[in-house]
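This report refers to the structure that appears directly beneath it.
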């Protein structure tokens, strides 16, 4: 990854966010990035406070309803320090899909007539068959995709459980694809369930084995998002403003030399609790 | 059990009554999803919930309400997890009967602003953004808005149209290329609002027990007409409130 890159982040909101990769990006002190993610959560706040992003391309940014509108987002966007380029959720999904398909745009029926059309400069076109007005949703081809998956093999074939989000399209659309995985499996294991493979290995440039690589966000079936942690994080921001995030980054991103040291800050008991909760929610009913 | 309830409970109960059995509903998190879960439990067992995180047919567990549209809680016992883009494409294809969502600021034509107050690039107040609200408002066959009734929310013209309803009335929705849908009803803490079939301006269809046309007008920032027949809604029943409260015992959304 280079300064100024256009980076697409996999997962959605606090689900399967590649936080180990985001932590590394922070540690490398990247600058001038554009971040594209359909729903943006704490990782967007980290990158704003670290001074790593100039622009965030998203449909929504905050943590979640109980924690209110993101104070960090408001601070950086209202002061003009970071541009927030808003697309509808489907439009952003179709931008990745058009990229994945290798076409310059996709016709769609969404965002029409709204003021969102002008924000990202979406154009309309006339259906050559019926004359109807259509949205021409432009393809997005990110420089780099950062993704976290459930399992992958030595060739980079990736499998995702539960919510697919937009990862498969993002991987196809991006020039460079960086992946962390909960588990490395054998070639035979992939071949036993090829229907589960959503990203073929020939798309993947680098793969790293990082269990709990999305924590404290969730990974479907493996661990639930740590809402207590979000509560503590937002309470600190409520008390001290965005500088609380700078302190948080010292403690969680810049301080711990390895990801294992990072996980130690949460402790094994917390990880075990969140693992148990995920099993309760996804155990076959 | 007492049938006294707070504003969020009243809103959730009134919203749940809008949903019919054997339909599909695209529900936003918070009170809309809570109301949809209540409808499914009480009078619409074959209501299929569609959630923008890419979820079809979940059964929300009482006490484990999702906070977001794409976490494990939202997809509990789901029938299908098609992914986000494809979930919306079911709506674009015309398969979703009702869009069910909230809104920060709403105008007399039902348009919603959840983007910004003030200039877009230099906002006075930046809101979280559309999420899937624009898509729900554009693509569902019918849209029902669920919101607290406050004068600051009900403005003559929204400063930014995040989610299009009837735009400026007079056919501008259809002219923009939106083939179907539009807001049919606004459920609030004071009553039920609809739209004039000709002008597409908002009007009062019903008041909740204890409220009047005057209180609704006093809490609205634009002129509100009256439907030909004005109804009074039945107050929340004890069993509705009981089921609702069991769904959100932590009172994350019921206050």
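Observations
- Here is how the number arises for chain B: DSSP H runs of 4 or more residues each give -39500 (n - 2.57), the sum is divided by the residue count, and the result at 222 nm is -6000 deg cm²/dmol.
- Average beta carbon contacts from partner chains per residue of A:38-44, 10 Å cutoff: 3
- Of every Cα-Cα pair in the range B:7-247, the percent that sits beyond 23 Å: 47
- For the peptides B:134-141, B:182-189, A:107-114, B:19-26, the ranking by packing is B:134-141, A:107-114, B:182-189, B:19-26, with the highest mean count of neighbouring Cβ atoms within 10 Å listed first.
- Peptide A:90-96, shielding by other chains (average Cβ, 10 Å cutoff): 6
- Theoretical ellipticity at 222 nm over chain A - DSSP helices of four or more residues, -39500 (n - 2.57) apiece, nearest 500: -10000 deg cm²/dmol
- For residue B:223 and residue B:122, the difference between the fully extended length at 0.36 nm per residue and the C-alpha to C-alpha distance is 33.3 nm.
- Whole-number Å³ per residue for the convex hull built on Cα positions in the range B:167-221: 83
- Entry note, chain A: relative contact order of 19 percent, from Cα contacts under 8 Å with a spacing of 6+ residues.
- Among beta bridges identified by DSSP and lying wholly in the range A:1-121, the antiparallel ones come to about 5 percent.
- Between residue A:235 and residue A:264, the C-beta separation translates, for a Förster distance of 35 Å, into a calculated FRET efficiency of about 0.95.
- Relative contact order of the range B:7-247: 19 percent, from C-alpha pairs under 8 Å at least 6 residues apart in sequence.
- Across the alpha-carbon set of the range A:143-285, the Rg to Rh ratio works out to 1.01, Rh being the Kirkwood radius.
- For the range B:7-247, DSSP calls about 45 percent of its internal beta bridges antiparallel.
- Summarising the strand pairing of chain A, around 30 percent of its internal DSSP beta bridges are antiparallel.
- For the residues of B:174-181, the average number of beta carbons from a partner chain within 10 Å of their own beta carbon is 5.
- Across chain A, counting alpha-carbon atoms alone, Rg and Dmax equal 19.1, 61 Å.
- Using only Cα coordinates, the Kirkwood hydrodynamic radius of the range B:62-105 works out to 12.5 Å.
- Legend: Rg and Dmax of the range A:31-90, from Cα coordinates, 10.5, 31 Å.
- Peptide ranges B:154-161, B:212-219 listed from the most packed, as the mean C-beta count within 10 angstrom indicates: B:154-161, B:212-219
- Once the Cα gyration tensor of the protein assembly as shown is diagonalised, semi-axes √(5λ) in Å: 37, 26, 23
- For the range B:5-105, pairs of C-alpha atoms spaced more than 17 angstrom apart make up 46 percent of the total.
No value in this document is a laboratory result; all are computed from the given coordinates. Remember, predicted model here, so these are calculated numbers, not experimental data. Don't worry about glycine lacking a Cβ; one is built from the backbone with ideal geometry, like all the others, and counts go over all protein chains shown.
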